[in-house]
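Q: Mind having a look at this structure? Questions to follow.
The values are calculated or read from the model by the stated rules, or taken from the named source; none is laboratory data. The structure displayed is predicted, hence computed values, not measured ones. When we count neighbours, we look across all protein chains shown, and the Cβ atoms used for this are built from the backbone with ideal geometry, even at glycine.
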Amino acid sequence: MRRIVLFFLLLLTAFPVWGQGAKTSSVAQANIDKLKPGEFIWAPQLAPEGPTAVLVSLSAQRAYVYRNGVRIGASTISSGKRGHKTPTGVFTILQKREKHYSNLYNNAPMPYMQRLTWDGIALHAGNLPGYAASHGCVRLPLAFSKALYKETSLGMTVVVTDDRPSPRTILDPGLSASPGSDHHLRLATGQNFRWNPEKSPSGPVTILVSFADQSVLVLRNGKIIGRGKVEIPPGLFNGTEALQMEGRDAAGNPKWLYIGVPGAEARHGKPLDGNAIERVRVPPEFLAHVRGILSPGVTMMVTNDSFASTNEGKPAKVLVTN
């Protein structure tokens, strides 16, 4: 079966972990399950544009932030204690206030408040003892709450669930979130790619590549418009990598530059190694479709994880929509 060189794939990244009230970041292992109370991960540069959504897991006491299908942040939380349990469901942000005080509980401060219900449930900065301790709100680290506040808008989707998120969790920003099968992530027997640009005619583009699946997903405005097979030799890439398209060279080929995330600042702005690219192959027809929608600002990520993992309880690094 014919294949052709794939003109894109990415950079090894580390993520910053900030403590409660921290003003600077430090690099730590990007393992969300190991975050201590008050710590969080924030890397918005991995998806600069696109629809944003938040998923809150009460059982894991974690919040996950996604933009254009890519997880750009995660944080420890403190949700409602016994007798004041945080309600589950799909919510939208109804109101935002940087400085807010509770009308129900002794005028308690609620910095960077983002209201989910009119009867008092909200996201906001607060104390994080390492367990559910609020009167129903979702408390976040101060620095994370401030950063998140800048990226959200009224009407944005916030999903609160008792379950731990997994790659089977399907979130459609602005609509709903529900467990589902991973059939939309897989190609039929003998099928090399799918291309459905009509599912999202316009918007920012993100390309996701899975070593585990040997597959590529193309998202536009947070929805999958294409998926295809990819052949990546073992050991060619390690961990999670990311880059951004800067423009095109004299021959019209895309130019990809590494994203300078914390821990990899030295690689910021450096071009992708062409020698590595030559060893990666995808179906030529699929590549032609992808090339047709590339423009400066498109971001790309590669992960070792599977898009359709059956490891329930493992935090999903990629959230996909259909």
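Q: Inside the stretch 47-150, counting only strands (runs of 3 or more DSSP E) that do not spill past its ends, which hold 2 or more residues that are at pLDDT below 95?
A: 52-57, 62-67, 70-76, 89-92, 95-97, 113-115, 122-125
Q: I want to confirm something. Restricting to the stretch 53-84 and keeping residues that are β-branched (Val, Ile, Thr) and in contact with a helix residue (DSSP H, G or I) (Cβ under 6 Å, 6 or more places away or on another chain), which single residue is surrounded by the fewest Cβ atoms within 10 Å (Cβ to Cβ)?
A: Among them, the one singled out is Ile72.
Rundown of residues vs (1) of a type in the set (S, T, N, Q); (2) assigned to a helix (DSSP H, G or I); (3) at pLDDT 90 or above, yes/no style:
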site	(1), (2), (3)
Gly226	no, no, yes
Leu243	no, no, no
Gly269	no, no, no
Phe286	no, yes, yes
Ser306	yes, no, no
Asn311	yes, no, no
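Q: Right, something else. Of Ile277, Ile293, which residue is surrounded by fewer than 21 Cβ atoms within 10 Å (Cβ to Cβ), of a type in the set (A, V, I, L, M, F, W, C), at pLDDT 75 or above and within 28 Å of Arg248 (Cβ to Cβ)?
A: Ile293
Q: If you check Tyr112, Tyr64, which single one turns out to be more than 30 Å from Met300 (Cα to Cα) and aromatic (Phe, Trp, Tyr)?
A: Numbers: Tyr64 fails: more than 30 Å from Met300 (Cα to Cα).
That would be Tyr112, the only listed residue that is more than 30 Å from Met300 (Cα to Cα) and aromatic (Phe, Trp, Tyr).
Q: Further question: Which one is nearest to the chain's Cα centre (by Cα), of the residues in the stretch 103-129 that are free of Cβ contacts under 8 Å to residues at least 24 places away in the same chain and surrounded by fewer than 18 Cβ atoms within 10 Å (Cβ to Cβ)?
A: Ranking the candidates gives Gly120 first.
Q: Of the residues Lys81, Lys96, which is farther than 28 Å from Lys34 by Cβ, of a type outside the set (Ser, Thr, Tyr) and assigned by TED's automatic domain parsing to the domain that holds Asp162?
A: Lys96
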